[in-house]
Each structure stands twice: as C-alpha cells, then as structure tokens.
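Notes follow once the structure below has been shown.
Coordinate-derived values only; no laboratory data. Source: prediction; values computed, not measured. All Cβ positions, glycine included, derive from the backbone under ideal geometry; neighbour counts span all protein chains shown.
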Amino acid sequence: MTDADEAHATGVTPMANQIAGFFVSQGDHAAAVAGTADHIKAFWAPVMRRELLALVDAGQAEGLSDVAREAILRLR
Amino acid sequence: MSLIQETDFGAPAVRSEKTVTLTIDGVQVTVPEGTSLMRAAKELGTTIPKLCATDSVAAFGSCRLCLVEIEGRAGTPASCTTPVAEGMVVSTQTPKLAKLRRGVMELYISDHPLDCLTCAANGDCELQDMAGAVGLREVRYGYDGANHLTAAKDASNPYFTYDASKCIVCSRCVRACEEVQGTFALTIAGRGFGSRVSPGQSESFMTSECVSCGACVQACPTATLTETRVIEIGQPEHSAVTTCAYCGVGCAFKAEMRGEELVRMVPWKAGKANRGHSCVKGRFAWGYATHRERVTEPMIRASIHDPWKVVSWDEAIAHTASEFKRIQGQYGRDSVGGITSSRCTNEETYLVQKLVRTAFGNHNVDTCARVCHSPTGYGLKTTFGASAGTQDFDSVEETDVMVVIGANPTDAHPVFASRMKKRLRQGARLIVIDPRRIDLVRSARVQADHHLALRPGTNVAVLTAMAHVIVTEGLADEAYVRERCDLQAYAHWAEFVSLPQHGPEATEAVTGVPAAELRAAARLYATGGNGSIYYGLGVTEHSQGSTTVMAIANLAMVTGNIGRPGVGVNPLRGQNNVQGACDMGSFPHEFSGYRHVSDDETRQLFEEAWGVALGDEPGLRIPNMLDEAVAGHFKGLYVQGEDILQSDPNTRHVAAGLAAMECVVVQDLFLNETANYAHVFLPGSTFLEKDGTFTNAERRIQRVRKVMRPRNGYADWEVTQMLSNALGYPMAYDHPSQIMDEIARLTPSFAGVSFEKLDALGSIQWPCNAAAPEGTPVMHIDHFVRGKGQFILTEYVPTEEKVGPRYPLLLTTGRILSQYNVGAQTRRTENSRWHAEDVLEIHPHDAEERGVRDGDWVRLKSRSGETALRAEITDRVAPGVVYTTFHHPLTQANVITTDHSDWATNCPEYKVTAVQVSRGNGPAEWQVEYTAQARKSRRIEAAE
C-alpha cells in the first residue's frame, strides 16, 4: 500500500475539506486557510498530516478544496 | 463502621430571607418563615411522633400523630402542616397529646399484622418506632374486626414487593411518586376503610406506569413497600456513601452492606446532584457486579481465533508488556495507544493517559467522549473558554424557560429529569427541540410550550434561525453583550444571522419546523426570564456537532443567559465520568485541565513531574487509530472499560481495525464485544470495589468508596500501575488519594481538590483553587473564562449522509430508561424485563407503506450494513424518521451507522443515517454469523 493509498483508507481528504468548510464560513480566504491550518495542527496526529501531504504530492488529492490544500501545504 | 442514619425533618426546608422566632418546649428557636412546626422542633433536636410526614414531600396532615398544643390556640393542630409564627409557644409532649397519640396508634395497630419478629422491616419500621414512642401497651379494639390482613401481595416488580396488608394509607408513596419522581403512577383507590394504594388503575406495579425509581419504597414508613433483597436476606448493618456508576447525573447513594454483601443502594439525601432521589438503574441494577458471567481471572491467547487461556496476573502483565515492547520495536513508538474509560474513576483515567504518555511514549490516548461529548469540549472552550457546562443542577430551581435540545432526560438522565419536571410543574416554560416526541413533550402534568420536531441533521439551521428572530426582532440583551462579549465578533455574527436566508421562513423547508412555531419559541427563550439550555447527544453526534454547541452558546450569550443561577448551557453527560475522563487529559491533544500538548510551559511541568520527554504534537483519536490500523500502521491497543466494537460507529470498520492489530488488551468486567478481537483480557473491578472519584455533568467531583474487595484481586488503577511498571515506567501509588494529589499539583482547575476536602465537603465542583477553595457551582459569573464571550458564525452545512430512493428514511439512535449504553451492566440485571431487545420505532405511515405490522421482524439497511430487529409502530417518530436503541449486541445498531463525523472532533454522526426498512423474517445473516463468531471467540481453554 502506498502512502497515497493509505491516505485514501484513512479518509483524510474529506476530513480536511470539512474543516476547511467551517473556516470558509468564518471569514475571508486568508483567514480560512489560517484557521484550517491551525485546526489541523492542533488536532491531527502528524501521521495524518503526512498522509494528506503525500496525496497532494502524488497528485491524487482530487476533491481537496483549495483552502484545505493551501492549509496542508502550509504545514509541510 | 455503622449504618449511616439520616435525619428526617418531617417537612421540606423552606427558603425565606425572613426568620421567625418561637418557643418549643421552653426552648427558643429561629427558623425561616414558612417552616412547619415539626421541622422547627427537629432543628432543635425534638422529635414529634409522625407517620405520614417525611421531609422529601410536602406535609399532608393525615396521620394525626404529630399533634401539638399552642398557647392561645384551641385544639391540637398537626405540627407538620402548621407554619411557625413569631412568638408562638408550643408544647410537643403533654398528657392530652400522649392520650390522643396512643388512641391513634391503637387504631393503626388494630389493622396491622403483628408479625414484627418475622417482618422484613424489623428494626427499620417507623410504625414500630411510633408504637414505642407513644407508649402503646394495649389495643382496646382487639384484632377481630374488619381488617386488611389478608390483602394480596404484589411481587410483580423484580426489585420491590408491595404488601398491602401492612399499608397504613399514609400516602407517602403516592406523594413521592408525584412530587419527587413526577410520574404520578400511584394513587389511593377507594374511599374510607376501602382506601388502598394502587398503581395506575388497579394494575400491578410491573404493568403500570411505575418507572421503578424507588421513591415510593424510600418513602414508605412500614414494610408495605420493601426491597426484595431485604426480604430475602435481611437488614444491612453498615454503610458507606458512594457515587452511582451509571449516567452523568452522579447520584450519591448509601451502599448498605452486610459484611461484604451489598444489601441495597439507598439514595443519600445530602447528595447535591440527586438530593435523595434515584432511578431504576442506580437504585436497583447493580446485580451485574456478582453476575456469573463476570470474568475474574486474566486470560491471554496468541490469536483471536484461539480459545482463551487463564493465566496468573504476573504472566498476563508480563505478556502484555512484552507484546507492546515487541510491537513498538517492530513498527515504531507510535504504533500503539490506549483508551481511557468514562466508567472508571478520575484517578484511573488519569493513570491510563499517563501510562500512554510515559510508558508508551506517545499521545495516542483517547476516550469514549470522542464518540459523545467531544464537540461540547471544543464548542464551549471556543465560545466561553471552558470545556464544561456552566451550572449546577440546583440551578434548574431558578429557571423560567428550559430549552431541551437533542436530549431525552426522562430516559437518559432520569433523576435530573425529575427535578426538571418539578420546576415545570411550578410554572417554568418548556421548549423541546427533537425529532422525536420525547416524554417531556407531554407527560403527567408536563406539557411543552413548543416542540420543534426538526428533521435529523438540521440543528444548526434551527438554532441559527432562532438567533435570527432574536436579533432581527430586537430581543438581544445588548447591555449584557456590550459588557461581557467580544463586540467585533458580535457585530459580525449579528449581521450573519440577520441575513434573510437564516430566517425561519427560509429554513422551514429544510428543517421541517414551522416558521411561526420557531419564532414563538425564540421569543419565549429570549424574553421569558431566566433561560437555560439542556442538551445531549442529539446535539453533538452530528457532522456539525461542534457548530451546534457553538450555536447554543451564541443563543445563551445574546440573551444574557450566562453567569448566574437559573440560566446557562448544560450538556447532559452520558456516562458517570465522561466529564472527568475529559478533565483528566484523556484526549490526544491535551493534558489534564484542557491544556494543549504544544504549550511549552505545561509540557515542561509534566516532563519535570513525570521525568520523561513529551511530544508537542497530538496523538491519534479513536477513529484515527482504527483507520491507521486498517492502513497497517497501528498495531497495539490498551482499552480500559470501553466496548468500542458495540458502541462506535460502522461496526464492520471497527472490527476490521481491531482485527488488523497484533495485541488488543481489554480490561473489563465481562468478555464484551471488543474482547472478541482481543489477545489479552485483564479483569476489571466494579465501582463497589475501589476508591476514587467521579465527576458528573455539573463538574461535581464526588467520592467513590470501596465497600468490598475486588473479586478480580485488583482495582483498575492497580492493574494500570502493574502494566506501567512492567513496561519500565515506574509507578508506586499506594492509594488513589495519592493520584488525586498529583492531579491537583499539575492541574490548576483541580489545585484545591483532595480526598480529605472531598470527605469534609461531600463534593466539589471544579474549578477549585485559591480563588474558589470550595469549588464553583456557576461559572462565568463576572466574566467568561476566556475573557470576552466569543460569538461564532454557524453556517448550516447539510450532512453528506443523504436520503434517496435506495435509503429514503433517516435513522436516529438513543437510549431507554432501563438500559445503559452497550448494556454490559444492565443486560445482566432484571432491568432486561423492561427492555429485552432493541426495537425499531417507525411511523404508522411508513410502516403501512412497507406492509410492516407491530412486532414484525424488519430489515434495516444503510450504506454501511444491515441488521434486523422487531418493529414498534408509533407516531412518537415523524414520518420519514425511524429510531432505535443500541443496548443489545445481537442487534448492533452501529452496523448501520456510518463513518461521517463532526468536522472539528471526529465525533461520529450517530444521529443521522439514511436507511431503508423492509419486512424480514428473523435475524440477518450477519447477525447469525456474528453470534457464532462471538460464541467461538469466548471459549476458554479447560484447565490442565
């Protein structure tokens, strides 16, 4: 199983999108990215962040929202 | 140790700022205005004979024993119903009174069995006591007249017996059922000599509306209503005060014992959570502690397909430590984790998270609050600054409007529900927001002003619409907001909720709640006086659970309903120690007292105290652990006192995660469903077998006291300590009080807590520190813990779980009064007589469309799985909604529930699952297979 496969198995993409969805509703784009990144950093284990980054790096992050993508890249 | 005797003042205490001074038997006493003479006398230590009076119910004045003489007044009034007056001079013992009392007692005894020596209440009978107190020496009427001595017994209830021959018709049981419990199941049938206590309309107790709370048994002054256990084995000889191990109300009980044998649990009047009341679970359903299925010896096995092998404690602990070391050596430090228990004590949960953080060396620790109230922690910390409810339970006595959202207190928090109903009968108003017509909507002498029967999953839309009404109709408490809240955030929020799309007319199509009804409810909450919000898992267990909690907080702030008695935001916690488990650092991102692991100062404090280096990033939550197990990274799990296979969502996924691990350790009383996937079983101890503390839904820390030795040999904290030592991290506590001392040293909100102080005060609500040395009943009084209250925008986002042609109905789940969570305890008691299996509630319209009749087997299918259970046709649920409980492993309702979860906390979305229902003919194939697998998994190798 590749890192990207594992990321699919652990469902980190929809989780990140849900978080981004909340912060998008709170303010502008920059604040939403910051809020999403802060939340993921505060509540996700590092392995989950690595899995999402692996998906992005592998070009397999279809469906990942722009805000969530920017947020996870900020946490690299 | 002796039996704890509580003083019965004969009449309830009266709250009044005015006092009255009078003289009783030559002694002056000053009491609040409105106090009865009987109570005033008892305050002096003078006992006036009585039978129909007791301090849990209002005075009735029927037995005529408590007569007194008052200077300047004619006659001999009943002291229980006569209020004190300034300057009154009262005599409680005179020759005239003695003669009258003896005459009354003669009449009682002439129609009472004279079997004191063989009576179950011998030594605990007020009638017997009164005969002695009045000096009864003869009964002039004889015993041959008309009497009730051959009246039949009603032994239908498994926990108590009604012996009508011993009834003196004092009505204490009837009044307790009405005033204390609020069920109104009992009445006095007949007139005059024919008067008898009757459950319902001449029904048996078991078939009547009686909820077996025990209030009538507690109130009975004779052996008429007696615990069956007392009838069987006799009166207790010593007792200790302890705390119930069922729901988050945290009732205090006297555990009344004979040696190490528990005779009965009697609610303790001084208990500040329950005020002397109880429910069928805490009062009676403790038989599981000695159930034959309890496992008391450790067991191990190499594979989950093998039978269990009984081993010594030394071997079990050594094997477990060896396996965890092997796994961490092979797969890395983060490949293992632990789950703390909301059923265990604070000291035990603290120790498990400490073991994970020190002996395992990671933050992979979580607790069952993940799947229930984790959104409460997130939502209330974000808005108010503290992850807990704002009030004490007493606060309900000063509320004017209650909003109950996504909670069913009469079933899940019954003792507090009785206090709510009492306040409602006094005139408080009620708004219920729930897809089901819960009992509070309409029951005996309780009627909700508004029932907003919303579609499951639309909480945020409804609450935001209420905020819209409050702001746009000018009902906001602007002075409060200006003083207490962040004004910039408020302005932003007020603008947001005022948008037309948030108005109730716009949201009606989504929520199903008529706009006019919602507007009326919002106006009532905003303008009806002290407004309080009580909520449960119907709020948190959604994809927008945290958003809903914040929407609730917004409503409370905008109406000024935070920071004084009678108001507040009150999460009704499910398990006995959910609050405590959260407080104790059971979450993977924070230490005890809700301090994030990334906070350098806090981390350094723990590193110095524990002598290890600690990571600054969070560990895995329960769903993440299971995901990582399926993905092949997570290999070892220590589960104390939880049954995640039955309680967590998407059972197949949980099973796949557990099956992918190499060492699952279950520490529990029974071989629960999770144990089917375990490699090590460490027997647990019950709350009767250990010392410690529980923290209830109102942040109240209460003592749990050991009344018998652990049948398994060790309290749970001792087992964790042995495991930690075997893993190489030394722990050397001699008593749980030492663990609490460590918690207090490291946790600012617990700084003033100790067993010594708990013993002195009875209980303490945190924060307890230098500023609040005896605790904090109501939080956020002058300012919010975070400083200014924070309004948060609450955009409604529909759940991903959609109904459609294949799955046209919405399933929501909950609890029933007689059973508790996964049922591991209550299923092993007589409570199963009330609820032997989970059933599916379905509306008549939906049932008819599917050809389903009441009692039919039906198949319940979702995108996650399929199960079968029997149908109960009822209009308690709306068309399009079905409901079931999750108490029985045969049904396993969580085979149906999905992986959807709260955006902030991963709390599962139990309350919304799209399903289809069709007629069935018995258990589903999966259930048959699972039952066979479970039976196979529970095999124990024969001893050599």
>> If I take every Cα pair under 8 Å that is 6 or more residues apart in segment B:841-898, average their sequence separation and divide by the length, what percent do I get for the relative contact order?
In response: 43
>> Tell me the net charge near B:Arg519. Cut-off is 12 Å between Cβ atoms, B:Arg519 excluded, with +1 for each Lys or Arg and -1 for each Asp or Glu.
In response: -3
> In nm, to one decimal, how far is the B:Glu756 label point from the B:Arg196 one, both placed 7 Å along Cα→Cβ?
Replying inline: 5.9
>> Tell me the mean residue ellipticity at 222 nm calculated for chain B from its helices only (DSSP H runs of n ≥ 4, each -39500 (n - 2.57), averaged over every residue, nearest 500).
In response: -8000 deg cm²/dmol
> With r defined as the distance between the Cβ atoms of B:Arg445 and B:Ala270 and R0 fixed at 30 Å, what FRET efficiency is calculated, to the nearest 0.05?
Replying inline: 0.60
> For segment B:809-937, with only Lys/Arg (+1) and Asp/Glu (-1) charged at the beta-carbon, what is the dipole magnitude about the Cα centre, in debye rounded to 20?
Replying inline: 400
> Using modelled amide H (1.01 Å from N, peptide plane; none on Pro or chain starts), what sits under 5 Å from the amide H of B:Leu452, excluding residues fewer than 5 places away?
Replying inline: B:Val432, B:Ile433, B:Asp434
> Using the Karplus equation 6.51 cos²θ - 1.76 cosθ + 1.60 (θ = phi - 60°), what ³J(HN,Hα) coupling, rounded to whole Hz, does each residue of segment B:458-474 give in order, writing x for Gly and Pro?
Replying inline: 10, 3, 5, 4, 5, 5, 5, 5, 5, 4, 4, 4, 4, 6, 6, 9, x
> Which shape class applies to segment B:809-937: rounded if a/c is under 1.5, otherwise prolate when a/b exceeds b/c and oblate if not, where a ≥ b ≥ c are the square roots of the Cα gyration tensor eigenvalues?
Replying inline: rounded
> Gain in length, B:Asp600 to B:Arg482, computed as 0.36 nm per residue apart minus the alpha-carbon separation, to one decimal in nm?
Replying inline: 39.1 nm
> If you bin the C-alpha pair distances of chain B every 10 Å from 0, what whole percents do you get?
Replying inline: 2, 11, 20, 24, 21, 13, 6, 2, 0, 0
>> I need the trypsin sites (Lys or Arg not before Pro) found in segment B:289-363, filtered to DSSP loop residues with at most 13 other beta carbons within 10 Å of theirs.
In response: B:Arg292
>> Taking the beta-carbon count within 10 Å as an exposure proxy, list B:Ser303, B:Ser754, B:Ser918 from fewest neighbours to most.
In response: B:Ser303, B:Ser918, B:Ser754
> Under the Karplus relation 6.51 cos²θ - 1.76 cosθ + 1.60, θ = phi - 60°, what is the ordered set of whole-Hz ³J(HN,Hα) values for segment B:281-286, x standing for Gly and Pro?
Replying inline: 6, x, 6, 10, 8, 10
>> Is there a quick way to get the dipole size of segment B:111-225? I mean about its Cα centre, with the Cβ of Lys and Arg at +1 and of Asp and Glu at -1; what is the value in debye to the nearest 20?
In response: 180
> If the label point is 7 Å along Cα→Cβ of A:His29, which residues in segment A:53-76 have backbone nitrogen under 11 Å from it?
Replying inline: A:66-67
> Is the shape of segment B:374-571 best called rounded, prolate or oblate, per the rule: a/c under 1.5 gives rounded, else a/b larger than b/c gives prolate, else oblate, with a ≥ b ≥ c the square roots of the Cα gyration tensor eigenvalues?
Replying inline: rounded
>> Output wanted: per-residue J couplings in Hz (rounded whole) for segment B:642-652, from phi through Karplus 6.51 cos²θ - 1.76 cosθ + 1.60, θ = phi - 60°, x for Gly and Pro.
In response: 9, 10, 5, 5, 8, 8, 8, x, 6, 3, 4
>> Cut-off is 10 Å between beta-carbons; in what order do B:Trp610, B:Trp286 appear when sorted fewest neighbours first?
In response: B:Trp610, B:Trp286
> When only Cα pairs under 8 Å and 6 or more residues apart are kept, what is the percent relative contact order across segment B:354-497?
Replying inline: 13
> Dividing the Cα convex hull volume of segment B:28-89 by residue count, how many Å³ per residue is that?
Replying inline: 82
> What percent antiparallel are the DSSP beta bridges of the protein assembly as shown, to the nearest 5?
Replying inline: 60
> So, counting K/R as plus one and D/E as minus one, what does the shell of residues with Cβ under 12 Å around B:Asp124 add up to?
Replying inline: -4
> With point charges of +1 on the Cβ of Lys and Arg and -1 on the Cβ of Asp and Glu, referenced to the Cα centre of chain B, which listed residue (B:Phe784, B:Thr410, B:Asn725) lies farthest in the positive direction of the dipole?
Replying inline: B:Thr410
> Per residue and in Å³, how big is the convex hull formed by the alpha-carbon atoms of the protein assembly as shown?
Replying inline: 179
> Using a simple spin-label model with points 7 Å from Cα along the Cα→Cβ vector, what separation in nm is obtained for B:Met206 and B:Glu261?
Replying inline: 2.4
> Size of the dipole of segment B:1-93 about the Cα centre, Lys and Arg at +1 and Asp and Glu at -1 on the beta carbon, nothing else charged, in debye to 20?
Replying inline: 200
>> Projecting each Cα onto the charge dipole of chain A (Lys/Arg +1, Asp/Glu -1 at the beta carbon, about the Cα centre), which of A:Met15, A:Leu64, A:Thr36 comes out farthest on the positive side?
In response: A:Thr36
> Given Cα pairs under 8 Å that are at least 6 residues apart, what percent is the relative contact order of segment A:3-74?
Replying inline: 45
>> Can you compute the FRET efficiency between B:Lys936 and B:Glu297 using 1/(1 + (r/R0)^6), with r the Cβ-Cβ distance and R0 = 22 Å? Round to the nearest 0.05.
In response: 0.65
> Percent antiparallel among DSSP beta bridges with both residues in chain B, to the nearest 5?
Replying inline: 60
> Does anything in segment B:778-819 have its amide N under 19 Å from the 7 Å Cα→Cβ label point of B:Ser498, and if so which residues?
Replying inline: B:791-795
